[in-house]
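Here is the structure we will look at.
No value in this document is a laboratory result; all are computed from the given coordinates. Only a predicted model underlies this, so the values are computations on that prediction, with no experimental measurement involved. FYI the Cβ positions are ideal-geometry reconstructions off the backbone, even for glycines, and counts take in every protein chain you see.
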Amino acid sequence: MLPITDTIIIADDELEWSFARSGGPGGQNVNKVASKAFLRWKASATTAAIPPGAKARMPVLFPSRFTTEGDVVIQSQATRDQERNKEDCLLKLAEMVRAALVEPVVRKKTKVSKGAKRRRVADKRRNSEKKQARRAGGDD
């Protein structure tokens, strides 16, 4: 079981694991051990209690992690150990779902205040008068 929040838990049977040889550090160990972990999760067919809004936000927030079928694919080859790479994949999935649970704040339209408009126009008028004065007095 992968706990996301107090109410959202992803069951282990929904997660598909595969392993491959990874690059990076490890010496001869790299050539022998399949330590790179791949996690596949069918997000569209999950039984976890993820709100529909969060499900819709996930592909928008993380498009590179989704396949055309709607599956989430996460990989990790950060360490030389297969178990730690599995844990890293689970952490990435949990963070991804938590990020999608946060609803974006709707922007409220505001009007420019009358005082700000007056100040802007007054500044423009001052600049204009300053430049007019430069033009007029240049023949002396």
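Just checking my list (i) 11.3; (ii) 18.4; (iii) 9.2 against mean projected area of the Cα convex hull in nm² computed from this structure; which label fits?
Only one option fits the structure, namely (ii).
Scan around Ser22 for amide H atoms under 5 Å from its own, H built in the peptide plane at 1.01 Å from N, and keep only partners 5 or more places away or cross-chain.
Ser35, Lys36
From the residues Gly115, Thr79, Leu101, which one has its Cα farthest along the dipole of the range 57-122 in the positive direction, the dipole being from +1 and -1 charges on Cβ of Lys/Arg and Asp/Glu about the Cα centre?
Checked the options; the winner is Gly115.
Quickly rank 83-93, 122-132 as a protection proxy: mean count of other C-beta atoms within 10 Å, highest first. Walk me through the numbers before you get to the answer.
On the way: 83-93: 17.1, 122-132: 9.9.
Averaged packing, sorted descending, gives the order 83-93, 122-132.
Can you give me the relative contact order of the chain as a percent, contacts being Cα pairs under 8 Å and 6 or more apart? All intermediate terms of the calculation are to be shown ahead of the outcome.
Values: 155 pairs, mean separation 31.1, N = 140.
In percent, rounded to a whole number, it is 22.
Can you compute the helix-only [θ] at 222 nm over the chain? Use -39500 (n - 2.57) per DSSP H run of at least 4 residues, normalise by all residues, nearest 500 deg cm²/dmol. Let's see the in-between values first.
Details: 4 runs with 57 residues, N = 140.
One gets -13000 deg cm²/dmol as the mean residue ellipticity at 222 nm.
If you take the charge dipole of the chain about its Cα centre, with +1 on Lys and Arg Cβ and -1 on Asp and Glu Cβ, which of Leu61, Asn127, Ile10 is farthest toward its positive end?
Result: Asn127.
Only four residue types carry charge here, +1 at the Cβ of Lys and Arg and -1 at the Cβ of Asp and Glu. Report the dipole size of the chain about the Cα centre in Debye, rounded to the nearest 20.
On the way: 29 positive and 17 negative charges, 408 e Å.
In total the dipole reaches around 1960 debye.
Could you tell me which helices of the chain pass both thresholds, a Cα extent of 20 Å or more along their own axis and a mean Kyte-Doolittle hydropathy of at least -0.5, with helices taken as whole DSSP H runs? Each step should come with its number before you reach the end.
On the way: long enough: 82-101 (29 Å, -0.43); 114-136 (33 Å, -2.38).
In the chain, the long hydrophobic H runs are 82-101.
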